[in-house]
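Novice: This structure is in structure tokens; I'll ask about it shortly.
The values are calculated or read from the model by the stated rules, or taken from the named source; none is laboratory data. Keep in mind it's a predicted model, so treat the numbers as computed, not measured. Reconstructed Cβ throughout: ideal geometry from the backbone, glycine too, with neighbour counts over all protein chains shown. In case anyone asks, the SASA skips ligands and DNA or RNA and just uses the protein heavy atoms, side chains included. Shrake-Rupley method; radii C 1.70, N 1.55, O 1.52, S 1.80 Å.
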Amino acid sequence: MATIVDVVSRASLFDKEQVRDAARIEFDDRTARAREVTRAAERIHFVPEPSRVSAG
């Protein structure tokens, strides 16, 4: 009986670790993507142009 509980406990722990690891990888991917977007946004410079109103 103790062996069954031990096997189930280990399997449950392994499943929890896999879920945690997957969540961490997803978090790291989102963080890296956010950094890329931030760097790209910092390279964009908006220069407003005078409005072109037609005298029509």
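Rundown of residues vs (1) in contact (Cβ under 8 Å) with a residue 12 or more places away in the chain; (2) charged (D, E, K, R); (3) touching a Lys or Arg at 6+ places or on another chain (Cβ under 8 Å); (4) open to solvent by less than 100 Å² (accessible area, probe 1.4 Å), yes/no style:
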residue	(1), (2), (3), (4)
Ser9	no, no, no, yes
Asp21	no, yes, no, yes
Glu36	no, yes, no, yes
Arg39	no, yes, no, no
Ile44	no, no, no, no
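Novice: Only one of Arg24, Arg39 is at pLDDT 95 or above and part of a helix (DSSP H, G or I). Can you tell me which?
Specialist: Testing whether each residue is at pLDDT 95 or above and part of a helix (DSSP H, G or I) leaves just Arg24.
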